[in-house]
Amino acid sequence: MAREITGFSNPLVKRVRSLREKKFRKAEGLFLAEGLRILTEAREEGVLPEMLFHAGSTHPLAIDLIAAMEAAGGDVIETTPDILSKISGKDNPQAVVGVYRDRLTPLAKLDRTKADIWIVAQSLRDPGNLGTILRTGDAVGAGGLILIDDCVDPFSVESVRASMGALFTQPITQARWGEFMHWLRQGPGELIGTSLKATHDYQEPRYQSPSFLLVGNEAQGLPESYEAECDLLVKMPMLGKADSLNAAVACAVMAYELLNQKRAK
């Protein structure tokens, strides 16, 4: 049964609002997602939130979501737009906010044979880029996103929002570089990096499956030692004055080249 909360000082409101901070997300293993589109995408993937907050929305998707939560015995809380705003940190909050268990997949549990394309991001800092890369992975049917070293938190409100629901379709793994390379070399997999120092055009090689596409930090690119461990280094032509593409854009260009080659087989 749904319950109602209307007080700003309610302990549950304070607890859920605290999930906007990484230390509390990590301590509780929970994160926030907001908006009917994202929460509906999650439900279509078979994932319901542990708690669902809404402000009396009559949208059909909200009604379906509430019904699914109640059928599963989930915690549905009706509240006010002002409290939703406090929880989400937005002046114009979405109709619903969900609290989810974090969705990290251990590296050892990844099945590299389930997809031809995997995306690996090293020291990614921007939540918008991370969300966009998740959406790209979803679009090309990637097996998942492997975050290397100290990347932005994939469960921050900003990252979740930017993923537009792809957070629930793409497995996410976190690992250190050495741990990842040890795992990678235990089975098939071609590691492909992009570098301005590369001599191969990105459309020149015939890529192998599974392909692990390595995306570097937005400002620094890939460390030289990481480039040296790649099976292939390629570059995209830059015909104007810019010397590089945004990390998420470069990832999308490369991911679609991999997809097109695999579709042509």
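Quick notes on this one:
- Here is the tail figure for the range 72-115: Cα pairs spaced more than 13 Å apart come to 68 percent of all pairs.
- Taken as entire DSSP H runs, the helices of the chain that both span 24 Å or more between Cα atoms along their own long axis and average -0.5 or more on the Kyte-Doolittle scale are 247-264.
- The slack between Ser85 and Tyr256, meaning 0.36 nm per residue of separation minus the straight C-alpha distance, is 57.8 nm.
- The residues Thr199, Thr132, sorted by heavy-atom accessible surface at 1.4 Å with ligands and nucleic acids left out, run Thr199, Thr132 from largest to smallest.
- Subtracting the Cα-Cα distance of Lys197 and His182 from their residue separation scaled by 0.36 nm leaves 2.9 nm.
- In a reduced charge model with +1 at each Lys and Arg Cβ and -1 at each Asp and Glu Cβ, the range 107-264 shows a dipole moment near 380 debye about its Cα centre.
- Positive dipole terminus of the range 3-101, leading residue within Leu19, Val96, Ala72 (C-beta point charges): Leu19
- Taking a straight line from the alpha carbon of Lys22, these lysines sit under 25 Å away, with near neighbours fewer than eight places off in the same chain left out: Lys14, Lys86, Lys90, Lys109.
- Surface/4 estimate of mean projected area, convex hull on alpha-carbon atoms of the range 3-101, nm²: 5.9
- Under 24 Å of direct C-alpha separation, and excluding same-chain neighbours fewer than eight residues apart, Lys114 reaches these lysines: Lys262, Lys265.
- If only the Cβ of Lys and Arg carry +1 and only the Cβ of Asp and Glu carry -1, the dipole of the chain around its Cα centre is close to 160 debye.
- Were the residues from Glu28 through Asp231 laid out at 0.36 nm apart, the gain over their Cα-Cα distance would be 69.2 nm.
- Directionally averaged projected area (convex hull, Cα atoms, the chain), nm²: 15.8
- Accessible surface of the range 107-264, 1.4 Å probe: 49 percent of it comes from carbon and sulfur atoms.
- The equivalent ellipsoid that matches the C-alpha gyration tensor of the range 174-265 spans semi-axes of 21, 18, 11 angstrom, in descending order.
- Surface/4 of the Cα convex hull for the range 107-264, nm²: 8.8
- Annotation for Ser9 and Leu239: the two label points, set 7 Å from Cα along the Cα-Cβ direction, are 6.6 nm apart.
- Summed over all non-identical Cα pairs, the Kirkwood treatment of the range 42-163 gives a radius of 16.3 Å.
The values are calculated or read from the model by the stated rules, or taken from the named source; none is laboratory data. Computed from a predicted model, the values in this text were never measured in an experiment. Heads up, the Cβs are rebuilt from the backbone with ideal geometry, glycines too, and the neighbour counts pull from every protein chain shown. All accessible areas refer to the heavy atoms of the entire protein, side chains included, with ligands and DNA or RNA removed. Shrake-Rupley method; radii C 1.70, N 1.55, O 1.52, S 1.80 Å.
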